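Below is one structure; the comments refer to it alone.
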C-alpha cells in the first residue's frame, strides 16, 4: 500500500532532553515504520522546542495542514502515527499535545493550537524562535529563517560604530546574569587600545537547573555564531572563542558542524562577504569547573592556566584574553543580536520593561508541571511563569518559593509571585535574574535544606583562591548541615547572617560575592523555618530526616508492600493487619512513604 | 599622569595605575597583607588588605585595586576592622596553633595579626582538615595544614623562578599547594618559596626544630658561592649558622632571591670535618701540630728552596678567599718568597676572558652590570650556563624577557633552562662558539648592518676582521656549528637591530677555551656598537665568588694589583698550569696553595697529581682536608667565609662586604691573619692588624678601588672603577671611550677540532650543576643529598645505542684517562655529546681533560660504556 506522502515532513526533538528520553529509539522506529509502510518522509531533527517534560516529541507536517505535535512518544506508538496520520491523513488527537497552525493552513479538529496552549500562550520567542523548527545541522534551514541576514546587513550596510549604536539603542543587557548593557561593553572593547582583540562566548553554563544556553546551542547554533560575527565586526576582533563545558557534547558537536558550514559558506574566515573583515572561531572545551563561568577565570582557562578569577580592573575590555582587549558575552546575549540588527533596535526594545528590554529565556525545573525551556518578555511576573506557562505545581500542592539565578541567586516566596521578572525588580526583592534558572519549590521543600543544597554546591565549586569564599562557604555549609541535623544553636542564625554579609562584601569574584544569597534570602523570607529547626527541633516541611519520624496510620490495609520494600526490615506486621515501624531500625530513607498506595505513612 | 586622593584623611598624589595599597604605603599607612609581595603580580586572594571607599558599599582589596582621581579611602573603619577580623577568624578555623613547633613562629604574619587583633580562636569553631605534610622532599618541607593559600610560593616559583613546580591542586577548601600529580618536590630547590611563605607552611628541613627564630641574629654578608655575590642574612646563634634569608633592599643585587647553594649550602661551615689544627707531615703521616711548628716548618723549607731564587716556588691564590687575603697572598709571594709564579683557578676561564676584554676594550673587566640587564632589549646567552653558573642572573634574564619586549637568544649545546623562555635557540655544537660568533659578524658586515657611526668613531681593525670572517659565511659553518645558515642570519639581524645587547658567556665551561669565545663576542659587540651604554656589553659569568677579586688583587703571573703591568724588565711568572708542568718536571719545588683544590678544579688530573707529588714542599691552607691537602707537607686550618671580615668582588665588578657572623673553630685562623703571621715568621713586621685595614691599603694601591672603603660598603656594594671616596662607582664601562682610544677588533679563528676519533665518538661538555660549587658544598649535607654523585647527561638516542638506561653506572674514557659516573638520560643534551659536572673529587671530570693553552682543540672526545 503506497500513498502520497510528498511534501510531508516529520520533526523529532533531538535535543539532549529528547535524546535522554529516547528520541534515538523513536527515530529508529520511524525508519522501521518507513520500511514497513514503504514510505519515505524527510525527517527534521530539531533541537528542543521547550517542552522537555513532554519529550519525545514527534511532529507530522502535511502540506496545507497544521503541524501536529505528538508528545511522550514511545517507539511502539510510531507505527500507528505513521499509518494513520502520515499515510491516512488522520491525526491521533488523543496522542497529540497541540498543533502549529501556519498561515493558510487548515487546523485539525480536537487538537488545541499552540497559541492556545498555556505553555506557549504567554511566551514571546525571539531567541528560541528556531528551536524545534529547524534542523540545527543544516545551514539551509537557517538561511530559510532569515539566517545570516543580520551579518549581511551589518557588514554590507553598516559601519562597526553603527552596529554598536543599534545594539546600545536596543537596550540589550548581558543575559549571563550581570545585566551589563551589551552595546556599552562592545564600545569599551572597540575603543580599547590594542592591535589584536578577542571575542569570547561564555557557554560555560553551570548553574544547577539551568540549560538555556545548551538548548540554544543545540537547537540554533548558527544564531550564536551570527551574533558573534556581528559582535566581532562591531569591536574589531578577528578571533573568537566559544568556551563551552565539555559536559555539553551535543552542543559542541553541533557548534563544530555549524562553524564548518559557516566557514564553507564564507561567513567565517578571511574577508567575510568580500569585506576587509576576517573572523575565525574556535571552541574551547571547559573541564567542568563552575567558577570558569566567571569571565576572568574563563580566560585563564582558555590560556591553559588554572581557572581562577582575578581582580578587575583591568576589565577584559582593556586587558582580557592573552592580555589583549576582549569582549565576553554569553550564548543568549549573542543569540539576541541578529534580530536586533536585522529588525532594528526599536523593534527589539518594544518588548520588555523600561530597564530590561527584550525577552529572557528561563529553564523551569523543580516541582512544576511543565518543566522545560521558555522565553518570555521581560516584565512577565513570576506568577504567570509558574502558574500559567509552567502549569502550576504537581499534585495541586501549594507553591512555596522559587529560586532564581541558581546558586548565586535568591529565593522569592509565594507572596512575591507578582514580582515582574526584570533585572532591577529582582535585585530589589533579594534575588537576581541570573542566567535564567528557575527552580520551583512547594510545601514539601524545606528551605533550610534548599539553602544547604546550594551552599554545598558553591562550597564544592569555590576555586579556593580567596579566603572569604574558600572558608566562608565551607563554614556556612557546616552550620546549615548542623541545623538540618537538629544540632543548630541560636547563634548559628546570627553567624550565618554576619558571615554571609562578610563573604558578599569581601570575596574576590561573583561566585563568592553571591554564594551566600540562597542562605540570606531564605533567612529573610523563611526565618521561621530556621527557627523551627533550631528552637523547636522540627522540620516543618518534613524533609530533614534527623528531625522527623515515620509512623503508620490507620489507613494501613496490611498490604505488606512497605515491609517488603523497607531496606532495613524496620517494618513488621501481619498480612491485613496494621503494620508498625521500629524507630530504632528506621533509617528514614522515605521508601515506605513513597511506596504506600494508601497514604498510610506519616512523617512527624 | 598622576591622580590625587585621600586616604584616612591624608592627601596623596600617586601615578595613575598605583594600587590603593601602594598609595597608602606612601603615606606610611599600614595595611596588613598575606598574599601581596613586591616581586609578584598582585593576586588579591587573602582579602586581609580590604579597605572602604566612600560612596561604595563594597570593600576593596587594596593590593589589586588601582586608585582613581578624588577617591576617598578609609583603611581603619569599623567595617574594615570587622572584615579583617573575620578573615583572621576564618583562617584560624583550621590553621593549627602549633606555634611552639612551627619554624616560622616569631615571624609568622598570621601569628602577628592574630596577636594584634587578640584572636586565639574563631567563633566559627574549628574545622577538621585532612591535609598532609610532605616529609619526603629533600631540603624543603611542606606542611599543608598550615597553608593559608596566599599563593606566594606558587607565584614566585612561576613568575620569578620560571619553574612552576608548585601549584594549587584541588579546589575550594580542599585546595593544597603541591607539585603536580602528587609527586615529591623535585626542583631547583632555590627555596624562594620558603622565603616568601608568610606562615610556616614551607620551610627548610635543615632548620626545623633546631632553634626558635627569635634567638637568631641576622648578619648581613655576601654569599660565598658564585660570582653573583648575593646579599644574604646568615641567621646565627652562638657559633652556628641555622638559617639563611636573601636580603631584599636597594643595597642587594639579588632582591632577596637565592639559589639552593646560597640558601642551604651553609652547612659546610659547621661541618665536623673542618680542619681544627695545623697539620705537619711526619714521614707519610700528616700529624696534628701547633701553629708555631707549622710556621717554623714553612719558613725552613721555603727558605731552603728559595735560597737559589724565588722562581722555584709558586703560589695558587684563591677564588674563594677575600680580596684582602688574595692581596696579601700575592704580596707574600712576591715580596717575601720573591716569586712571580702566582695564579688561580681563574686561569681556566675568567682570566682568559678578562685578557680578551682587556685586549678589545682596554680594561680587564666585564663591561656591564647585572642590574643593567633590565635595560637590555636583547640578551644573547652564548655558550653560557646561566642558571647553573650564576643562578640569579638567570632570574634577571627571565624577568627581563617576560616583563618586556626584550628578546633572548640562547646558543648552547645543551637545552639550558633559559631555552624555554628564549625567542631563539641555536643548538650549537660544543666548542663552536667562535665560528658561530664570527658567522654572526660576517652576516652583519656583509649586509651592512654594523653600527657605522660607532665603528667609524670608536673601533679599529675592521678591514682585517672583515677579511677574516669571510671564511665564516653562514653556509660554511652550518656543519661545524650545527646551526642553520638561516638561523645565523636571523640571529645576526636581530642582534644588529637591537638597541642594547648584553652577551652572557660562561668562559670556564667546555674545555677551557672561553677566552676565544669572549674575544669573538667582543668583536660582535664592537661592530654593533654594544659597548659603553647601559644594558649592553659582555658579561662573562664567573663560577666562584671572588674570581674577579683574585685577579684584581694581582693573583696573576703577569699583572700586579689593579691589573697593573709588571715593572719594566721583569718577566711574568708561571701561570697555574705552567706551575704544574714545572713541578712535574722538577723545576718548581715549593708551592703554597691557599683555598684551592687543584686536583679537582684544574684540568688534567694526572698531571696535577704528578706535579703535587713531585714537589719538595707543599703548603695547603684550607678549611677541609681536601684531596689536594692530603698531599701537603703542611696544612694550615683557615676560617670559612662567614667567619671573617673582608670584601669580595663579584662577576660585574661589584665590591661587597663579607662579615664575620660566627666565631671559627678554636685553633683555626683567618687566611689574612695567617698570611700576616707568615710575614712575621719570615722576619718581616706583621703588616696589618685587621682585615679592614687591608681594605684601606688596597684602596691606596689599586686606583680603580681608590674609593672603596669599609665605611662605604656598610650596605651597598660599589662597582669599580671607583677612584675616590666621592665616586658612586661605575655600572657600565667605556661610556666615555676606551682607555686606548679605540676598541680593537681582533681576528679570532675557530680552532679545528677534526672529527671525533672512532674510539671516542662523543664530545664532552663539562660545567657546574645547580647544587654544587667547587668542593665546599660537598660538605653540605642537604645539597649532597640532592646531588651526591656525578650524573652524566646523555642523549636518549645515544643511550639507546650504548644500551645505557637512566641511573646506570657508566665509565667515560678519553685519551687522557677515565672516570665513572651515573647516567642521566635526558633530551636536554644533544646527540653525540655527554655532559659531566665538575665538583666531584672522586668522580673527577678533569681526569678526562687536558689543558691546551695553545687551543689547538676546543673539545674533548670521549667514549661512554656501562661500568
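Summary of computed values
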item	result
Gained length - residue B:742 relative to residue B:238, 0.36 nm times residue gap less alpha-carbon distance	175.9 nm
Cα pair distances of the stretch B:636-723 binned at 5 Å [whole percent]	3, 14, 21, 22, 18, 14, 6, 1
Kirkwood-based Rg to Rh ratio, the stretch B:453-582, C-alpha trace	1.03
Nearest 10 degrees, 0 to 90: helix B:350-361 Cα axis against chain B principal axis	90 degrees
Ellipticity estimate at 222 nm from DSSP helix runs (n ≥ 4, -39,500 (n - 2.57)) divided over the protein assembly as shown, nearest 500	-8500 deg cm²/dmol
Averaged over A:503-511, number of beta-carbon atoms from partner chains that fall within 10 Å	5
Hydrodynamic radius (Kirkwood) for the stretch B:101-268, which is based on Cα pairs only, to one decimal in Å	16.9 Å
Over chain B: Kirkwood hydrodynamic radius from C-alpha pairwise inverse distances, Å	28.7 Å
Compactness index (Cα Rg / 2.2 N^0.38 Å), the stretch B:64-111	1.64
Sorted by Cβ density within 10 Å, fewest first, the residues B:285, B:244	B:285, B:244
Area projected by the alpha carbon convex hull of the stretch A:52-174, averaged over all directions, nm²	10.5 nm²
Pairwise Cα inverse-distance average, inverted: Kirkwood Rh of the stretch A:139-348 (Å)	16.7 Å
Square roots of 5 times each gyration tensor eigenvalue, C-alpha, the stretch A:307-411, largest first, Å	33, 21, 11
Where only C-alpha atoms are counted, convex hull volume of the stretch A:359-442 per residue in Å³	70 Å³
Taking the C-alpha atoms of the stretch A:417-476, convex hull volume expressed per residue in Å³	115 Å³
Residue B:209 paired with residue B:292, simple spin-label distance in nm, labels 7 Å along Cα-to-beta-carbon	4.7 nm
Nearest 10 degrees, 0 to 90: helix B:391-403 Cα axis against chain B principal axis	50 degrees
Percent antiparallel among DSSP beta bridges (both partners in the stretch A:9-116, rounded to 5)	65 percent
Distance histogram in 10 Å bins (all Cα pairs of the stretch B:23-167, percent per bin)	10, 35, 35, 17, 3, 0
Gap separating the Cα centres of the stretch A:1-75 and the stretch B:1-79, nearest whole Å	63 Å
Taking only Cα atoms of the stretch A:257-367, radius of gyration then Dmax in Å	17.4, 52
Alpha-carbon centroid distance for the pair the stretch A:438-481 / the stretch B:299-376, whole angstrom	72 Å
Rounded if a/c under 1.5, otherwise prolate or oblate - the stretch A:232-292, Cα gyration tensor axes	oblate
Kirkwood Rh and Cα Rg combined as Rg/Rh, the protein assembly as shown	1.07
Inter-label distance for residue B:831 and residue B:181, nm, one decimal - labels placed 7 Å from Cα along Cα-to-Cβ	2.6 nm
Length gained when the stretch residue B:756-residue B:486 is fully extended (0.36 nm per residue, less Cα-Cα span)	94.6 nm
Quarter of Cα convex hull surface for the stretch B:762-866, i.e. mean projection, nm²	6.6 nm²
Convex hull of Cα atoms in the stretch B:365-540, direction-averaged projection (nm²)	8.8 nm²
Range of Cα positions in the stretch A:385-496 per principal axis (Å), largest first	42, 31, 22
Debye equation applied to the C-alpha atoms of the stretch B:220-331, log10 I(q)/I(0) at 0.21 Å⁻¹	-1.18
Cα-based Rg of chain A normalised by 2.2 N^0.38 Å, two decimals	1.05
Net length gained if the chain between residue B:801 and residue B:82 were fully extended (0.36 nm per residue, minus Cα distance)	252.0 nm
Per-bin percent of Cα-Cα distances, the stretch B:19-106 [5 Å]	3, 13, 22, 22, 18, 12, 6, 3, 1, 0
In degrees, nearest ten, helix B:691-701 long axis to first principal axis of chain B (Cα)	60 degrees
Cα shape, the stretch B:447-501, gyration tensor, a/c 1.5 rule	oblate
At 1.002 mPa s and 20 °C, Stokes diffusion of the stretch B:112-191 via Kirkwood alpha-carbon radius, µm² per second	150 µm²/s
Gyration tensor (alpha-carbon) shape descriptor, the stretch A:9-116, a/c threshold 1.5	oblate
At 1.567 mPa s and 4 °C, Stokes D of the stretch A:447-536 from Kirkwood alpha-carbon radius, µm² per second	103 µm²/s
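A short reminder: the numbers here are calculations on the coordinates, not readings from a lab. Please read these numbers as outputs of a predicted model, since none were measured by experiment. Glycine also receives a Cβ, built like all others from the backbone with ideal geometry; neighbour counts cover every protein chain displayed.
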